[in-house]
Amino acid sequence: MSKLLIVVDHQKDWTPFFPSEDVMTFEQYLNLPPIEGNRTRVINLCQSARYLSRGYYCSLLAEARRHKVLPSVAALNDLSRKGLFSLELSELDSQALDWLDRWAAGNTDRSASPVDKVRIRTCFGETSQPELKRVARSLFERFPCPILEVVFKRRRGWQIETMKPLSPVDLTDTEQDAFAEALDRYSSIVWRPPRSRKRYRYDLAVLVNPDEALPPSDAMALERFARAGSKLGIHVEQIAKRDYSRLPEYDGLFIRETTAIDHHTYRFARKAQAEGMVVIDDPVSILRCTNKVFLADLLRHNKVPTPKTLILSRDQKDAVGQIARQIGFPVVKIPDGAFSRGVIKAEDEPSLRVALTELFRQSALVLAQEYLYTDYDWRIGVLGGRAIYACKYFMVKGHWQIYQHGGNQQVDSGDFETLPTYETPRNVIQAALNATRLIGNGLYGVDIKQAGSRIAVIEVNDNPSIDAGVEDRFLGGELYSLIMQEFLVRMEDKRRR
């Protein structure tokens, strides 16, 4: 369980707010003995953040003690360098420009001219002006400070003239209310009554998207992850895209949203790794698994059995003829895709030409892969280098894929059968393990086709489906416990370092 400390210059600085045992003065923090067995997070609310001030030393000491502090020393140094934040607002949000123009037009100086400066204050990346919401969030992600004062100045266009961190004593009564509410949302730990607060050893963030049509885990599975984590002393909390800045509050990140490189899931993974958190799946696994060209080349060069595969360039001549000669009429893939999306089956040369034309509009490289007909695909779940579940995913009736995407976002899926790993053919398990060793030691789902004695790895998924009643059909709650246990082992290993 992480511990939250709020550091102020004097106890009276916290008078307007709800009393908390987690609030301490700078002097108390300076003389704080080492905290054993906790990952500590510090919110630095000292009045001055200038170089060698108490606020500066608070952040400096926090980093020396390996506490996660907001703002960091790097953020304080960046805020002292105007060139780093003198940004054209058009790069951030056009709505902000419109609001600034309207605000300036509605306010005048002594000469009855529109003002050319606008001052706002943000609390944990939040602001009372809806039009500035995205700007405030962007600035918080770049310069994370609990309270930030931003001054916009209009020259030829609106620019940020100055930014500086503030403390609660600088705020008006209304602003203090907004700060308290923002702090409550940012980290509710400080407001929980001690008697009702359950102490956990670790905090695990689970990144989800409630609006995703085909999420890696359904609501019941997410609940079972939370239940399994609680039994092991792990507090499991679901977070969303908007919670990017909250990542340092946690000890680990479990991504349960479909991943992609040009996507916030990858940014979450990279930030979590940079924060020293345990993260599944890690950014390297996402990078290696989501691009099918990379994966195909990796498996081929390491002699992992796969279907016959060609990597085709957009500028390549006679691509159709090369495919026809070397493979026959295949399944053609783009380099990335999930849940059978971005995969086209070509039956003859005309349909192949159409498929290549369509896919080359999306990607400079395309995979052409031998089509192996099977009634089902194996999916082997691998965690930390060992197989933990095995499923047969059957094709949709009358269709050649496990998923069939129709109109109005309708998706049909085939049947499934879940087996114990010890009843799964040994060569299937071994092929899955050989493939994942090339990726990393995260959680993977390996898709394999078995045609007689032939085994072929189709792909390795970095963010495999784990749905209630499907992948857990054989192990039940034990599957969720295995994954939470892996997080526990890794987080304890991080703590010992």
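FYI, it's all coordinate maths here, none of it is from the lab. Keep in mind that what you see is a predicted model, and the values were worked out from it rather than measured. Cβ atoms come from the backbone with ideal geometry, glycine included; neighbour counts cover every protein chain shown.
The distance between label points at Lys345 and Arg497 comes to 4.6 nm (points 7 Å beyond Cα on the Cα→Cβ vector). In the chain, the calculated helix contribution to ellipticity at 222 nm averages -9500 deg cm²/dmol per residue, counting -39,500 (n - 2.57) for every DSSP H run with n ≥ 4. Given in Å, the Rg to one decimal and the Dmax to the nearest whole number for the Cα atoms of the chain are 26.9, 88. What pairs from Lys3/Lys231; Lys133/Lys153; Lys241/Lys271; Lys12/Lys68; Lys68/Lys164; Lys231/Lys271 go past 23 Å between their alpha carbons? Checking Cα-Cα distances, Lys12/Lys68; Lys231/Lys271 exceed 23 Å. Taking GluC sites (Glu not before Pro) in DSSP loop states with no more than 11 other Cβ atoms inside 10 Å as exposed sites, the chain has its longest site-free stretch at 37-211.
For the chain, the Cβ-based charge dipole about the Cα centre amounts to some 1220 debye (Lys, Arg positive; Asp, Glu negative; other atoms uncharged).
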